[in-house]
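What follows is a set of notes on a single structure, which appears directly below.
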Amino acid sequence: MDETTAAAAAQRTAEMLVHVGRIARCEAQTPSLTPAQWAALRFFAHANRMSRTPSAFARFHATTRGTASQTVKSLETAGYVERRRADADGRSVVFDLTSAGWARLAADPLNHLSAAIAALPAAQQDTLAESLQQLATALARDRDSQAFGSCGQCGFLGAAEQAGCPFQCRCTGALLDNEDFQRLCANFSPRSGTEAPVEARDSQKAS
């Protein structure tokens, strides 16, 4: 494939990604929640306990802190999220989904897209997930913005010696159980290209 053909193929792939995103976004335009509110619900459902803040959501959603705060406030007013003091810093506030929030998320319009992805062969799912993470990281780097990812692909991942918490974040010092390990983190820093991703079960491979 020559350079011109490769560039054209990359452009078609980019257009297809935007097309899929547009379809998914249109599905989220329900009378009950706006696309931004759905995005916030998903973020607080999948972010780790250190990252469930309005400012982290603002960076993840590429919006202003003021707009993000308004979105989060609307979810709090609706009873879908609730605030609490952060475990590590009592001055900070984090948000958790309420039972009503989890029930609402069960009807997420993106479930159709999730089902389509789940229908792909496992190898294709893994390749797609890895490729999308690499694309998101590259775009964040090119635009000098925050990259997001999970611990297995993060350069701050370190080993811990505490039972039930095989990993530790070298950025925050927080111990990470398997649940934290698989969640989105606002302190994410990509591992070098020579380092393979670490999986939750590989507790002895963290370095």
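Derivation of every value follows stated rules applied to the coordinates shown; laboratory data play no part. Keep in mind the model is a prediction, meaning the values are calculated, not measured. Backbone-built Cβ (ideal geometry, glycine too); neighbour counts: all protein chains shown.
For ALA14 and ALA136, the difference between the fully extended length at 0.36 nm per residue and the C-alpha to C-alpha distance is 42.7 nm.
For the stretch 3-113, the fraction of alpha-carbon pairs lying more than 23 Å apart is 37 percent, rounded to a whole number.
Extension gain for ARG143-ASN111 works out to 8.6 nm (0.36 nm per residue, less the C-alpha to C-alpha distance).
Choose one of PHE156, LEU135, LEU176: the residue whose Cα lies farthest towards the positive end of the charge dipole of the stretch 127-182 (beta-carbon charges +1 Lys, Arg; -1 Asp, Glu; about the Cα centre). Going by the charge dipole, the pick is LEU135. Spin-label model, ASN178 to GLU76: label points 7 Å out along the Cα-to-beta-carbon direction sit 3.4 nm apart. Using a simple spin-label model with pseudo-atoms 7 Å out from Cα toward Cβ, HIS46 and ALA159 lie 3.1 nm apart. Between ARG83 and ASP2, the FRET efficiency estimated from the beta carbon spacing at R0 = 45 angstrom works out to 0.25.
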